[in-house]
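Inspection log for the structure reproduced underneath, given as structure tokens.
The values are calculated or read from the model by the stated rules, or taken from the named source; none is laboratory data. The structure presented is a predicted model; accordingly, all values stated were derived computationally and were not measured. Cβ sites come from the backbone with ideal geometry, for glycine too, and all protein chains shown count toward neighbours. Please note that ligands, DNA and RNA were not included when accessible areas were found on the heavy atoms of the full protein model with its side chains. Shrake-Rupley method; radii C 1.70, N 1.55, O 1.52, S 1.80 Å.
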Amino acid sequence: MTTPPSAPSDVRRSVPRTDTVLDDPRLAGPVARLGRALVKAGVVAALARVRAGSLAPEAVVDGVLADLPPTATSLLPVVNATGVLLHTNLGRAPLSAAAVEALATAAGTTDVEFDRASGARARRGRDTMAALAAAVPEAGGVHVVNNGAAALVLAATALAAGREIVVSRGEMVEIGDGFRLPDLLVSTGARLREIGTTNRTTVADYLGALGDDTGMVLKVHPSNFVVQGFTSSASIRELSAALAGTGVPLVADLGSGLLRRHPLLPDEPDAATALRDGADLVTGSGDKLLGGPQAGLLLGDRELVERLRRHQLARALRVDKLTLAALEATLRGPAPPVVQALEADLDGLRRRAVALAGRLREAGLAAEVVDSEAAVGAGGAPGVPLPSVAVALPGSLARPLRLGRPAVVGRVERGALLLDLRSVPPERDADVEAAVLALRPGCHNHDAG
């Protein structure tokens with residue numbers, strides 16, 4: 001008779017029960033902070049490691065504590081060292097401290113739609129709308145929906161459902177992740193009247209397409225590409241003059257959310273200029289160059305904006321209290337991080353890079369300071385390089401830095417990992433240094449391992 005191996009049986013007998021581990025006093029705090037279900041999942045995973053022989057039974061609780069996330073969300077903070085100021089995959093615009101504080105204030109019960117003086121219902125987000133109107137006095141009316149695409153969908157639905165939208169073929173853009181502007185517009189029930197060619201569209205093309213079935217003329221800023229060479233396009237001012245007296249609204253989709261012209265981005269269209277040039281309605285995003293939360297901005301003629309605000313679809317596109325709070329704080333508060341990064345002094349970036357690279361070299365790591373080119377990102381200012389400075393590290397560090405805590409995301413060029421400091425707030429330099437130093441042999445960085 002063959003005696004079965006005793007090792008598996010011994011391991012199973014040494015594995016503690018799930019509820020026993022959960023009742024350990026050291027897990028009481030995490031359970032209160034993260035919830036019992038999330039901590040239990042961590043316990044189950046740790047016990048599986050015990051059964052596999054990769055974790056000692058007496059170290060189960062330590063293993064659970066080491067693996068638990070810092071918060072109940074799976075999202076983790078990331079240091080953006082790519083040099084792309086508005087990185088869509090990293091959440092676009094980081095919020096200002098004022099906006100973050102506003103989020104915390106609005107997270108509980110708040111007077112988002114309540115008049116405390118009268119005790120009656122009030123207009124939702126009235127103070128946020130007032131802040132937006134003050135930022136763009138050229139707009140007779142303002143409204144906010146949940147993103148830039150939603151702003152355009154609301155305009156197309158309210159103005160052109162069942163009718164025609166006149167738009168240049170050169171402005172039929174793809175806005176990312178496979179979503180295409182013409183498909184988005186057609187989904188509203190509107191029909192597209194395409195005019196001109198990819199590289200040239202004139203005012204006469206627009207006028208020739210107008211008819212009794214025209215719902216609106218759409219002018220789209222091709223924010224994520226540049227066409228150069230034999231090109232021509234009709235400006236908002238030219239179109240406004242040509243459409244005078246026709247009753248056809250001119251809608252300008254600017255995308256980037258730049259409210260006023262910025263000297264460093266002279267070719268980037270802004271809402272104030274578009275409205276002064278005669279656009280009846282301007283749409284844009286709140287989480288791009290404005291530097292706020294994801295939101296769709298609608299700015300323009302008072303009656304037109306009110307018509308959109310009262311449309312039934314507007315209810316489905318309504319923003320929540322958190323967006324309203326963060327947007328108001330962005331509009332009224334200090335310059336948001338994206339603006340600070342855009343305006344960062346090149347000499348200051350170089351001093352930071354020299355200091356950071358010096359400290360890393362003192363720790364025995366290969367690091368050098370190199371010139372770099374940053375970019376706005378998220379479709380803003382395409383083809384406009386932003387002079388910058390980066391710390392160059394071995395390319396082999398890219399992945400472990402992405403997996404570390406804090407996670408640091410740079411970009412790899414010609415085999416080197418570049419940590420571009422234009423997109424890194426100065427106060428995060430120490431975090432970048434700590435993350436890199438944690439990768440030295442003998443240092444423990446749980447996630448990077």
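Describe numerically, in nm with one decimal, the distance between label points set 7 Å from Cα along Cα→Cβ at Val44 and at Asp115.
Label at Val44, label at Asp115, 5.2 nm between them.
Which of these, Val142, Val39, Val112, has the largest mean-square fluctuation under a Gaussian network model of the chain (Cα springs below 10 Å)?
Most flexible of the set in this elastic network: Val39.
Calculated from DSSP H runs of 4 or more alone, at -39500 (n - 2.57) each and per residue, what is the 222 nm mean residue ellipticity of the chain, nearest 500?
-10500 deg cm²/dmol
Given a 1.4 angstrom probe, what's the average accessible area per residue across segment 55-210, in square angstrom?
48
Just to be sure I understand: with springs between alpha-carbon atoms less than 10 Å apart, which residue in Pro400, Pro25, Pro70 has the highest mean-square fluctuation in the Gaussian network model of the chain?
Pro25
With the full set of protein chains in place, find how many percent of the accessible area of segment 355-421 is carbon and sulfur; take the probe as 1.4 Å.
Taking all protein chains in place, segment 355-421 shows 53 percent carbon and sulfur surface.
Once fully extended, how much extra length lies between Glu427 and Phe179, figured as 0.36 nm per residue of separation less the alpha-carbon to alpha-carbon distance?
85.7 nm
Charges only on Cβ, +1 for Lys and Arg, -1 for Asp and Glu: so what's the dipole of segment 295-449 about the Cα centre, in debye to the nearest 20?
That gives segment 295-449 a dipole magnitude of about 560 debye.
Expressed as a rounded percentage, what relative contact order does the chain have, with Cα pairs under 8 Å and six or more residues apart?
19
Can you tell me which of 357-364, 89-96 comes out highest on packing, and rank the rest after it, using the mean Cβ neighbours within 10 Å?
Listed from highest to lowest mean packing, they are 89-96, 357-364.
Mind checking the angle between helix 36-52 and the chain's longest principal axis? C-alpha axes, 0 to 90 degrees, to the nearest 10.
Once rounded, one gets 50 degrees.
Roughly what angle does helix 346-362 make with the longest principal axis of the chain, taking Cα atoms, 0 to 90 degrees, to the nearest 10?
It works out to around 10 degrees.
Grab the Cα-Cα distance for Val384 and Arg169, subtract it from 0.36 nm times how many residues apart they are, and report the gain in nm with one decimal.
Gain on extension, Val384 to Arg169, equals 75.0 nm.
What net charge is computed for the residues neighbouring Ala158, neighbours being all others with C-beta under 10 Å from the C-beta of Ala158, Lys and Arg scored +1, Asp and Glu -1?
With Lys, Arg at +1 and Asp, Glu at -1, the neighbours total +3.
How large a share of the accessible area of segment 267-306, in percent, is made up of carbon and sulfur atoms when the probe is 1.4 Å and the other protein chains stay in place?
Answer for segment 267-306: carbon and sulfur cover 37 percent of the accessible area.
Calculated FRET efficiency, Arg310 and Ala434, Cβ-Cβ r, R0 45 Å, to nearest 0.05?
Computed FRET efficiency for Arg310 and Ala434: 0.30.
What GluC sites (Glu not before Pro) in segment 20-118 are in a loop by DSSP, with at most 15 other Cβ atoms within 10 Å of the Cβ?
Passing both the DSSP loop test and the Cβ count: Glu113.
Measure nothing but the geometry: give the 0 to 90° angle between the long axis through the Cα atoms of 97-106 and the longest principal axis through the Cα atoms of the chain, rounded to 10°.
The angle comes out near 90 degrees.
Rounding to the nearest 20 debye, state how big the charge dipole of segment 218-291 is about its Cα centre with +1 on each Lys and Arg Cβ and -1 on each Asp and Glu Cβ.
In total the dipole reaches around 100 debye.
When the accessible area of segment 43-137 is split by element with a 1.4 Å probe, what percent falls to carbon and sulfur?
The computed percentage sits at 58.
Where a ≥ b ≥ c are the square roots of the eigenvalues of the C-alpha gyration tensor, would you call segment 147-278 rounded, which needs a/c under 1.5, or, failing that, prolate if a/b is larger than b/c, or oblate?
rounded
Which of the trypsin sites (Lys or Arg not before Pro) across segment 366-430 are loop residues per DSSP, with 11 or fewer other Cβ within 10 Å?
Arg414
With +1 on each Lys and Arg Cβ and -1 on each Asp and Glu Cβ, and nothing else charged, work out how big the dipole of segment 271-356 is about its Cα centre, in Debye to the nearest 20.
The dipole of segment 271-356 has a size of about 280 debye.
Tell me which of Ala341, Ala48, Thr188 sits at the most positive position along the dipole axis of the chain, charges placed on C-beta atoms (Lys, Arg +1; Asp, Glu -1).
The Cα lying farthest towards the positive end belongs to Ala48.
Excluding same-chain residues fewer than 8 positions from Lys40, which aspartates and glutamates have a Cα within less than 15 Å of its Cα?
Asp19, Asp23, Asp24, Asp62, Asp67
Leaving ligands, DNA and RNA out of it, rank Ile236, Ile175 by accessible area with a 1.4 Å probe, largest first.
In descending accessible area the options line up as Ile175, Ile236.
Using the basic label-point model (7 angstrom from Cα toward the beta carbon), what is the Ser235 to Ala72 distance in nanometres?
Between Ser235 and Ala72, the simple spin-label model gives 5.4 nm.
How many angstrom separate the Cα center of segment 332-349 from the Cα center of segment 54-126?
22
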